[in-house]
Amino acid sequence: MNLLSTFFATLCACLLIGALTGCQTVSETGRSQLSLVGDTEVSSMAVQQFEQMKTEMPVSSDAEKNAQLQRVGKKIVDSARKNGADLLPADQWEFVLFESDQVNAFAMPGGKVGFYTGIFPLFDSDDDMAVVMGHEIAHVSADHGQEKVSHQMANQMAGAALAIGLGVGGVDHDLSQVVMASYGAGSTYGFILPYSRTMESEADHIGLIYSASAGYDPRVAVPFWQKMAAKGDGSTPEFLSTHPAESTRIKNLEKMMPEVLPLYYKATGQ
(Lines give C-alpha, C1' and ligand atoms only; values in the text may rest on other atoms or scores of the structure.)
Protein backbone atom coordinates (compact mmCIF):
# COMPACT_ATOMS: atom_id res chain seq x y z
CA MET A 1 0.00 0.00 0.00
CA ASN A 2 1.59 3.27 -1.16
CA LEU A 3 -0.27 6.13 0.50
CA LEU A 4 2.13 8.70 -0.96
CA SER A 5 1.25 7.56 -4.47
CA THR A 6 -2.43 7.70 -3.57
CA PHE A 7 -2.03 11.24 -2.30
CA PHE A 8 -0.27 12.43 -5.44
CA ALA A 9 -2.77 10.69 -7.71
CA THR A 10 -5.65 12.39 -5.91
CA LEU A 11 -3.83 15.71 -6.02
CA CYS A 12 -3.27 15.39 -9.77
CA ALA A 13 -6.96 14.66 -10.32
CA CYS A 14 -7.98 17.71 -8.30
CA LEU A 15 -5.45 19.92 -10.06
CA LEU A 16 -6.76 18.79 -13.43
CA ILE A 17 -10.23 19.98 -12.57
CA GLY A 18 -8.85 23.23 -11.20
CA ALA A 19 -6.69 23.87 -14.26
CA LEU A 20 -9.65 23.43 -16.57
CA THR A 21 -11.93 25.92 -14.81
CA GLY A 22 -12.40 29.56 -15.72
CA CYS A 23 -12.16 29.11 -19.50
CA GLN A 24 -14.78 31.75 -20.30
CA THR A 25 -17.00 34.26 -18.53
CA VAL A 26 -20.78 34.65 -18.27
CA SER A 27 -21.22 38.20 -19.51
CA GLU A 28 -24.27 39.09 -17.40
CA THR A 29 -22.76 37.99 -14.07
CA GLY A 30 -19.01 37.90 -14.62
CA ARG A 31 -18.75 34.31 -13.37
CA SER A 32 -15.94 32.19 -14.80
CA GLN A 33 -17.15 28.90 -16.23
CA LEU A 34 -15.69 25.73 -17.64
CA SER A 35 -15.90 25.40 -21.42
CA LEU A 36 -14.36 22.36 -23.10
CA VAL A 37 -16.85 21.99 -25.97
CA GLY A 38 -17.98 24.36 -28.67
CA ASP A 39 -21.44 25.84 -29.12
CA THR A 40 -21.83 24.22 -32.55
CA GLU A 41 -21.26 20.72 -31.17
CA VAL A 42 -23.74 21.07 -28.33
CA SER A 43 -26.33 22.87 -30.48
CA SER A 44 -26.22 20.09 -33.05
CA MET A 45 -26.83 17.44 -30.39
CA ALA A 46 -29.63 19.50 -28.85
CA VAL A 47 -31.43 19.99 -32.16
CA GLN A 48 -31.32 16.24 -32.84
CA GLN A 49 -32.64 15.46 -29.37
CA PHE A 50 -35.45 18.01 -29.73
CA GLU A 51 -36.53 16.59 -33.08
CA GLN A 52 -36.63 13.14 -31.51
CA MET A 53 -38.77 14.44 -28.64
CA LYS A 54 -41.33 15.80 -31.12
CA THR A 55 -41.73 12.34 -32.62
CA GLU A 56 -42.02 10.59 -29.26
CA MET A 57 -44.23 13.02 -27.29
CA PRO A 58 -47.64 14.44 -28.27
CA VAL A 59 -47.53 18.11 -29.25
CA SER A 60 -50.43 20.22 -28.00
CA SER A 61 -52.77 21.92 -30.48
CA ASP A 62 -54.27 24.22 -27.84
CA ALA A 63 -54.42 27.53 -29.73
CA GLU A 64 -54.56 29.79 -26.68
CA LYS A 65 -51.65 28.16 -24.88
CA ASN A 66 -49.55 28.03 -28.02
CA ALA A 67 -50.21 31.69 -28.75
CA GLN A 68 -49.09 32.63 -25.24
CA LEU A 69 -45.96 30.50 -25.59
CA GLN A 70 -44.99 32.14 -28.91
CA ARG A 71 -45.79 35.64 -27.65
CA VAL A 72 -43.80 35.47 -24.43
CA GLY A 73 -40.97 33.42 -25.93
CA LYS A 74 -40.25 35.87 -28.72
CA LYS A 75 -40.37 38.87 -26.40
CA ILE A 76 -37.92 37.26 -23.96
CA VAL A 77 -35.49 36.31 -26.73
CA ASP A 78 -35.63 39.88 -28.10
CA SER A 79 -35.01 41.21 -24.59
CA ALA A 80 -32.07 38.88 -24.10
CA ARG A 81 -30.47 39.99 -27.36
CA LYS A 82 -30.99 43.66 -26.43
CA ASN A 83 -29.23 42.89 -23.14
CA GLY A 84 -26.21 41.65 -25.06
CA ALA A 85 -26.91 37.91 -25.27
CA ASP A 86 -25.44 36.22 -28.34
CA LEU A 87 -28.59 34.42 -29.42
CA LEU A 88 -30.36 33.55 -32.64
CA PRO A 89 -33.03 36.10 -33.68
CA ALA A 90 -36.47 35.39 -32.23
CA ASP A 91 -37.89 34.25 -35.58
CA GLN A 92 -35.30 31.44 -35.70
CA TRP A 93 -36.34 29.98 -32.34
CA GLU A 94 -38.81 27.14 -32.00
CA PHE A 95 -41.31 27.08 -29.13
CA VAL A 96 -43.18 23.79 -28.74
CA LEU A 97 -45.91 22.88 -26.27
CA PHE A 98 -45.88 19.21 -25.26
CA GLU A 99 -48.92 17.42 -23.85
CA SER A 100 -47.73 16.19 -20.47
CA ASP A 101 -48.62 16.46 -16.79
CA GLN A 102 -45.03 17.41 -16.03
CA VAL A 103 -44.78 20.77 -14.27
CA ASN A 104 -41.71 21.81 -16.18
CA ALA A 105 -40.13 23.57 -19.17
CA PHE A 106 -36.74 23.63 -20.84
CA ALA A 107 -34.64 25.46 -23.45
CA MET A 108 -31.81 23.99 -25.50
CA PRO A 109 -28.87 25.41 -27.44
CA GLY A 110 -29.89 25.97 -31.04
CA GLY A 111 -33.04 27.88 -30.11
CA LYS A 112 -35.23 24.96 -29.06
CA VAL A 113 -37.76 25.56 -26.25
CA GLY A 114 -40.26 23.14 -24.80
CA PHE A 115 -43.04 23.73 -22.28
CA TYR A 116 -45.27 21.05 -20.82
CA THR A 117 -49.00 21.65 -20.49
CA GLY A 118 -48.73 20.57 -16.84
CA ILE A 119 -47.13 23.88 -15.88
CA PHE A 120 -49.86 26.09 -17.36
CA PRO A 121 -52.23 25.93 -14.36
CA LEU A 122 -49.56 27.89 -12.46
CA PHE A 123 -49.66 30.73 -15.01
CA ASP A 124 -52.11 33.44 -13.98
CA SER A 125 -50.72 35.80 -16.63
CA ASP A 126 -47.95 36.31 -19.17
CA ASP A 127 -45.86 37.65 -16.29
CA ASP A 128 -45.83 34.19 -14.69
CA MET A 129 -44.83 32.50 -17.92
CA ALA A 130 -42.10 35.11 -18.40
CA VAL A 131 -40.50 34.05 -15.11
CA VAL A 132 -40.06 30.53 -16.47
CA MET A 133 -39.25 31.59 -20.02
CA GLY A 134 -36.60 34.04 -18.83
CA HIS A 135 -35.03 31.36 -16.65
CA GLU A 136 -34.87 28.85 -19.51
CA ILE A 137 -33.56 31.33 -22.10
CA ALA A 138 -30.92 32.39 -19.57
CA HIS A 139 -29.63 28.82 -19.45
CA VAL A 140 -28.98 29.10 -23.19
CA SER A 141 -27.46 32.59 -23.18
CA ALA A 142 -25.13 31.65 -20.31
CA ASP A 143 -24.00 28.49 -22.14
CA HIS A 144 -25.06 26.26 -19.26
CA GLY A 145 -25.57 23.32 -21.63
CA GLN A 146 -21.95 23.49 -22.74
CA GLU A 147 -20.85 23.98 -19.15
CA LYS A 148 -22.65 20.85 -17.94
CA VAL A 149 -21.12 18.76 -20.71
CA SER A 150 -17.72 20.24 -19.86
CA HIS A 151 -18.15 19.35 -16.18
CA GLN A 152 -18.94 15.77 -17.10
CA MET A 153 -15.88 15.60 -19.35
CA ALA A 154 -13.61 17.11 -16.70
CA ASN A 155 -14.94 14.73 -14.08
CA GLN A 156 -14.31 11.74 -16.32
CA MET A 157 -10.82 12.95 -17.23
CA ALA A 158 -9.92 13.52 -13.59
CA GLY A 159 -11.27 10.11 -12.63
CA ALA A 160 -9.23 8.49 -15.38
CA ALA A 161 -6.10 10.34 -14.23
CA LEU A 162 -6.71 9.18 -10.66
CA ALA A 163 -7.15 5.56 -11.77
CA ILE A 164 -3.92 5.70 -13.75
CA GLY A 165 -2.10 7.23 -10.80
CA LEU A 166 -3.30 4.50 -8.50
CA GLY A 167 -2.17 1.87 -10.95
CA VAL A 168 1.26 3.42 -11.45
CA GLY A 169 1.65 3.77 -7.70
CA GLY A 170 1.05 0.07 -7.19
CA VAL A 171 -1.90 0.62 -4.86
CA ASP A 172 -3.71 -2.67 -4.13
CA HIS A 173 -7.09 -3.35 -5.72
CA ASP A 174 -9.25 -3.02 -2.59
CA LEU A 175 -7.77 0.35 -1.63
CA SER A 176 -8.05 1.55 -5.24
CA GLN A 177 -11.75 0.70 -5.19
CA VAL A 178 -12.23 2.68 -1.99
CA VAL A 179 -10.32 5.67 -3.37
CA MET A 180 -12.26 5.66 -6.65
CA ALA A 181 -15.59 5.37 -4.81
CA SER A 182 -14.58 8.27 -2.57
CA TYR A 183 -13.58 10.30 -5.61
CA GLY A 184 -16.92 9.57 -7.28
CA ALA A 185 -18.91 10.73 -4.27
CA GLY A 186 -16.64 13.70 -3.64
CA SER A 187 -16.77 14.94 -7.23
CA THR A 188 -20.56 14.60 -7.31
CA TYR A 189 -21.33 16.37 -4.06
CA GLY A 190 -18.37 18.74 -4.08
CA PHE A 191 -18.20 19.64 -7.76
CA ILE A 192 -21.06 18.56 -10.05
CA LEU A 193 -24.07 19.34 -7.82
CA PRO A 194 -22.79 22.68 -6.42
CA TYR A 195 -22.09 23.94 -9.94
CA SER A 196 -25.53 22.78 -11.07
CA ARG A 197 -27.14 24.78 -8.26
CA THR A 198 -24.98 27.77 -9.21
CA MET A 199 -26.23 27.59 -12.79
CA GLU A 200 -29.85 27.38 -11.65
CA SER A 201 -29.46 30.45 -9.42
CA GLU A 202 -27.66 32.27 -12.22
CA ALA A 203 -30.49 31.48 -14.63
CA ASP A 204 -32.98 32.91 -12.11
CA HIS A 205 -30.92 36.12 -11.94
CA ILE A 206 -30.34 36.57 -15.66
CA GLY A 207 -33.87 35.45 -16.49
CA LEU A 208 -35.40 38.15 -14.30
CA ILE A 209 -33.27 40.76 -16.06
CA TYR A 210 -34.61 39.56 -19.40
CA SER A 211 -38.26 39.37 -18.33
CA ALA A 212 -38.23 42.72 -16.53
CA SER A 213 -36.54 44.39 -19.50
CA ALA A 214 -39.25 42.91 -21.72
CA GLY A 215 -41.93 44.61 -19.62
CA TYR A 216 -43.02 41.65 -17.49
CA ASP A 217 -43.50 42.29 -13.78
CA PRO A 218 -40.62 40.56 -11.93
CA ARG A 219 -42.49 40.74 -8.61
CA VAL A 220 -44.61 37.74 -9.63
CA ALA A 221 -41.47 35.58 -9.46
CA VAL A 222 -41.72 35.12 -5.70
CA PRO A 223 -45.37 33.96 -5.55
CA PHE A 224 -44.81 31.86 -8.67
CA TRP A 225 -41.94 29.92 -7.11
CA GLN A 226 -43.96 29.60 -3.92
CA LYS A 227 -46.60 27.83 -6.01
CA MET A 228 -43.88 25.65 -7.53
CA ALA A 229 -42.58 24.84 -4.04
CA ALA A 230 -46.05 23.71 -3.03
CA LYS A 231 -46.00 21.22 -5.93
CA GLY A 232 -42.86 19.49 -4.64
CA ASP A 233 -42.37 17.37 -1.55
CA GLY A 234 -39.25 19.26 -0.42
CA SER A 235 -37.75 16.06 0.93
CA THR A 236 -34.39 16.24 -0.88
CA PRO A 237 -31.72 18.15 1.07
CA GLU A 238 -30.23 21.02 -0.92
CA PHE A 239 -26.70 19.56 -0.96
CA LEU A 240 -28.05 16.42 -2.69
CA SER A 241 -30.02 18.36 -5.30
CA THR A 242 -29.25 19.83 -8.71
CA HIS A 243 -31.41 22.84 -7.79
CA PRO A 244 -31.36 25.28 -4.87
CA ALA A 245 -33.92 24.65 -2.15
CA GLU A 246 -37.14 26.56 -2.86
CA SER A 247 -36.61 28.66 0.28
CA THR A 248 -33.12 29.62 -0.94
CA ARG A 249 -34.42 30.42 -4.41
CA ILE A 250 -37.21 32.63 -3.06
CA LYS A 251 -34.84 34.55 -0.78
CA ASN A 252 -32.49 35.15 -3.68
CA LEU A 253 -35.33 36.36 -5.89
CA GLU A 254 -36.42 38.82 -3.22
CA LYS A 255 -32.87 40.20 -3.08
CA MET A 256 -32.92 40.76 -6.86
CA MET A 257 -35.95 43.08 -6.86
CA PRO A 258 -34.04 46.37 -6.36
CA GLU A 259 -31.98 45.49 -9.44
CA VAL A 260 -34.74 44.34 -11.78
CA LEU A 261 -37.69 46.56 -10.83
CA PRO A 262 -36.12 49.68 -12.41
CA LEU A 263 -35.75 47.69 -15.65
CA TYR A 264 -39.45 46.84 -15.53
CA TYR A 265 -40.44 50.44 -14.82
CA LYS A 266 -38.28 51.66 -17.69
CA ALA A 267 -39.74 49.10 -20.09
CA THR A 268 -43.32 49.98 -19.15
CA GLY A 269 -42.81 53.74 -18.87
CA GLN A 270 -43.63 53.89 -15.16
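The values are calculated or read from the model by the stated rules, or taken from the named source; none is laboratory data. Keep in mind it's a predicted model, so treat the numbers as computed, not measured. Glycine gets a Cβ as well: all are built from the backbone with ideal geometry, and neighbour counts include every protein chain shown.
Brief remarks on what is shown
- The set of residues in the stretch 111-129 that are surrounded by 18 or more Cβ atoms within 10 Å (Cβ to Cβ) and touching a strand residue (DSSP E or B) at 6+ places or on another chain (Cβ under 9 Å) comprises GLY111, LYS112, VAL113, GLY114, PHE115, TYR116, ILE119, PHE120, MET129.
- Residue pairs whose Cβ atoms lie under 7 Å apart, separated by 6 or more positions or on different chains, with the first residue in the stretch 251-270 and in contact (Cβ under 8 Å) with a residue 24 or more places away in the chain and the second among the basic types (Lys, Arg) and part of a helix (DSSP H, G or I), are MET257/ARG219.
- Flag if THR242 is surrounded by 13 or more Cβ atoms within 10 Å (Cβ to Cβ), out of contact with any Phe, Trp or Tyr (no Cβ under 9 Å at 6 or more places or on another chain), assigned to a helix (DSSP H, G or I) and modelled with pLDDT under 95: no
- Number of positions in the stretch 255-270 that are of a type in the set (D, E, K, R) and surrounded by 12 or more Cβ atoms within 10 Å (Cβ to Cβ): 2
- ALA90 vs. criteria surrounded by 15 or more Cβ atoms within 10 Å (Cβ to Cβ), over 20 Å from the mean Cα position of the chain (by Cα) and not aromatic (Phe, Trp, Tyr): yes
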